[in-house]
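The values are calculated or read from the model by the stated rules, or taken from the named source; none is laboratory data. The model shown is predicted, which means the values in this text are computed figures rather than measured ones. Cβ placement follows ideal geometry from the backbone for every residue including glycine, while neighbour counts extend to all protein chains displayed.
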Amino acid sequence: MCWVEVMSLVGATADAIIAAKRVHEWLLQRPTEGPKHELLAVLWDDVQRFLTTFLEPISFGPLHIYISALPHCPMETELWNLYSKHAKIRILLGHRMSTWPSNLWTRSQDAEVNGVAFSPNGRVLAFGSDDTSVRLLDTQTGTEVGEPLAGHGESVRSVCFSPNGKLLASGSADKTIRLWNPETQTAVGEPLTGHSDRVISVCFSPDGKALASGSSDGTVRLWNTQTRTVAGEPLTGHGADVWSVCFSPTGKLLVSGFADGKIQLWNPQTGVTVGDPLAGHGESVRSVCFSPDGKLLASGSYDNTIRVWDPRTGAAVGKPLAGHTSLVMSVCFSPDVGEARTGHGDIVQSVCFSPDGKHLASGSHDKTVRLWNPLAQATAAGSLVRHRAKVNFVCFSSDGKRLASGSKDNTIRIWDSQTGAAMGEALTGHTDWVQSVCFSPNGNLLASGSYDSTIRLWDPHTGAAVGKPLTGHTGWVWSVCFSPDGNLLASGSRDYTIRLWDPCTGAAVGEPLAGHNDHVMSVCFSPDGKLLASGSMDKTIRLWDPQTRVAVGEPLQGHSGWVISLSFSPDGQLLLAQCHDGSVATWDVITHQRSDTPRSPPSHANPMYRDHWITLISSRFLWLPSQYWDNGDRTTARFGGLLVVFQNGTPSVFDVSQALGL
């Protein structure tokens, strides 16, 4: 790993990928010299996959080789066998790979990805996105080639390389098509104008002399790529949006798919329709594609099916291909048949095979571009007990052995933090989202706060409700917290107030604590129980004496965002505030002044998820690989050396004690 560390330090991780690939290929080309030679070949293949998969954290710094990359390395690889002892984090429960996945790499973007296309030599992948740009990626490393191609005024819906690779076309919602030189990443000529609505699809003819475009204006247009002028009149016939256009391999046919569910074949030389429209789909035809020999035509539709046609006769070939559970956005023929590929967290907008058929690229509304090995065996995840909706909040018991989660499915679940197993059935009773949960110090009570404006108490051992709901708040209950001796329970609400309760009787203690000018999102007792802190959407923190129920000093101000999480240092002298914009502030509770002294995070400091990273006190701590990236919701919590990440209702647990030096 020393070599990988050095390449990370000098900012050459992408170069290391290419070097590892060349070493692997060199070993494969040499005559086998025994088991050691074979082991080396396998190991260098692992190194290449390791660098490609974990390019982002390794590029961030060499320490993340051991914190973010090695812990997620597949367990049945030679790399894991040799270096697993150096991993600084252990995955106790979660996404654990046994072998390298069919997904070769995933690269996140700042906007939804709409179209992908390989260059003819397969070395470059182009994609267009909602940020109005076209970008190029090196398919070996997944790194960006040059600067983004800028010029469109709205989202880029489609991209396509010319057959010789010297031109790249892009169609945009700004109603124009642009041509680019992919070598120099510069525009070629002026934009092609003529469509009166967004351009959804572009496709070069096999000889590269013509370019077809389909638009929401209901027309198909043909363009001369040498003169960059329109060729003939628009091809019309349907009033519906043209979702997709594609030339046959000979260039003698052009097919278009329409929003009215019809497919039309055209003679691109004359602009005349060939035969009647192909009818069969019940909804919009989103994608059309000829087979490599031109004898078959495939279409994908919003009716969740794919249909195959004989373009010579216009007849359907067999029955519709059913199996998708939602809209079919893109179809593409492959040299071979493979299994379903899963991993994207949102609509897969576009798919494309590399010219040699060895790679499959996909672009998605989850803002990622992924490269796959279509021939690798896909692995299915086992079923897990889970919430049916987003987990809003998680909390460890005082001994760290149990974990409670509150969810948008209106329930609470209790989990074994070591195994991730659900302990008993879901706790039901709330009539709206459960926003906060908290164990009592002795672990015999669990409190939950809900959008139904109530607090409930539970026996976490039996799952039974304890007494009646605690009522009094007139808005959502954002946060609940027990005092260190367990004799008080505090709650913060949308009604701008904090309330104190006797958890033994369920009775309110005194009047509500008023002073905030917006939702109270977090409440927290000091370790000695003599202070109660509250954080609010009004961007302030207030300190209270829970015995007298009066404010202590002036509000703590100056935060840049809503104060969503509070935690005291073990000695009670510092208060850590985390805001929804990712900023963090530390306060001295004696002087009420901000403290800039760097300190280790308190044992209960709330980790946050941002851009694939778990952060602690605004610092990047742990990078999560692409299986955690879907567009579902994530909730995080930490107790000492245990870190939990809830994703779409399912927990992953990490032992981070070594990485934190605990």
Which of the residues belonging to segment 446-467 are in a strand (DSSP E or B) and not β-branched (Val, Ile, Thr)?
LEU446, ALA447, SER448, GLY449, SER450, ARG456, LEU457, TRP458, ALA465
Among the strands (runs of 3 or more DSSP E) confined wholly to segment 80-176, which include 3 or more residues that are more than 23 Å from HIS64 (Cα to Cα), outside the structural domain of ARG198 (by TED's automatic domain parsing) and of a type in the set (Ser, Thr, Tyr)?
none
Tell me, yes or no, whether segment 244-251 has at least one residue that is within 33 Å of the chain's Cα centre (by Cα), surrounded by 20 or more Cβ atoms within 10 Å (Cβ to Cβ) and hydrophobic (A, V, I, L, M, F, W, C).
yes
In segment 422-439, anything in a loop (DSSP other than H, G, I, E, B) and over 25 Å from LEU92 (Cα atoms) is listed as THR428, GLY429, HIS430, THR431, ASP432, TRP433
Could you run through segment 427-443 and say how many residues are surrounded by 14 or more Cβ atoms within 10 Å (Cβ to Cβ) and over 33 Å from the mean Cα position of the chain (by Cα)?
3
Determine whether GLU154 is acidic (Asp, Glu) and more than 11 Å from VAL134 (Cα to Cα).
yes
Check HIS95, HIS64, HIS86 and return the single one that is within 30 Å of ARG634 (Cβ to Cβ), exposed (fewer than 14 other Cβ atoms within 10 Å of the Cβ) and not small (Gly, Ala, Ser).
HIS86
So the strands (runs of 3 or more DSSP E) completely within segment 221-323 holding 2 or more residues that are modelled with pLDDT of 90 or more are 242-247, 254-258, 263-267
In segment 218-233, which residue that is free of Cβ contacts under 8 Å to residues at least 60 places away in the same chain and buried (at least 19 other Cβ atoms within 10 Å of the Cβ) is farthest from GLY165 (Cα to Cα)?
GLY218
Could you tell me which of the residues ASP502, ASP485 is in contact (Cβ under 8 Å) with a residue 40 or more places away in the chain and closer than 23 Å to THR548 by Cα?
ASP485
Do we find that ALA426 is touching a strand residue (DSSP E or B) at 6+ places or on another chain (Cβ under 6 Å) and at pLDDT 95 or above in this structure?
no
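Please find, among GLY424, GLY463, GLY486, the residue that is more than 30 Å from the chain's Cα centre (by Cα), exposed (fewer than 15 other Cβ atoms within 10 Å of the Cβ) and over 28 Å from GLY561 (Cβ atoms).
Of GLY424, GLY463, GLY486, the one residue that is more than 30 Å from the chain's Cα centre (by Cα), exposed (fewer than 15 other Cβ atoms within 10 Å of the Cβ) and over 28 Å from GLY561 (Cβ atoms) is GLY424.
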Consider segment 45-77. How many of its residues are outside any helix (DSSP H, G or I) and farther than 14 Å from ALA20 by Cβ?
6
Output for Cβ contacts, cut-off 6 Å, separation at least six or different chains, first residue buried (at least 23 other Cβ atoms within 10 Å of the Cβ) in segment 185-208, second charged (D, E, K, R), reads HIS195/LYS175; HIS195/ASP217; ILE200/ARG157
Of all residues in segment 275-296 being closer than 20 Å to THR250 by Cα and either in contact with a Lys or Arg (Cβ under 9 Å, 6 or more places away or on another chain) or of a type outside the set (A, V, I, L, M, F, W, C) (or both), the one that is surrounded by the fewest Cβ atoms within 10 Å (Cβ to Cβ)
ASP293
Which of the residues belonging to segment 396-421 are surrounded by fewer than 18 Cβ atoms within 10 Å (Cβ to Cβ) and either part of a strand (DSSP E or B) or touching a Pro at 6+ places or on another chain (Cβ under 8 Å) (or both)?
SER398, ASP416
Is it fair to say GLU144 is at pLDDT 85 or above, among the acidic types (Asp, Glu), out of contact with any helix residue (DSSP H, G or I) (no Cβ under 9 Å at 6 or more places or on another chain) and closer than 29 Å to LEU660 by Cα?
no
Could you check LEU179 against (1) assigned to a loop (DSSP other than H, G, I, E, B); (2) surrounded by fewer than 22 Cβ atoms within 10 Å (Cβ to Cβ) and say which number it fails?
(1)
Can THR474 be described as without any contact (Cβ under 8 Å) to a residue 40 or more places away in the chain, of a type outside the set (Asp, Glu) and in contact with a strand residue (DSSP E or B) (Cβ under 7 Å, 6 or more places away or on another chain)?
no
Go through segment 456-483 and count every residue that is aromatic (Phe, Trp, Tyr) and farther than 17 Å from LEU403 by Cα.
2
Are there any pairs, at least 6 apart or on different chains, whose C-beta atoms fall under 6 Å, with the first in segment 30-42 and over 20 Å from LEU79 (Cα atoms) and the second of a type outside the set (Asp, Glu) and modelled with pLDDT under 85, and if so, which?
none
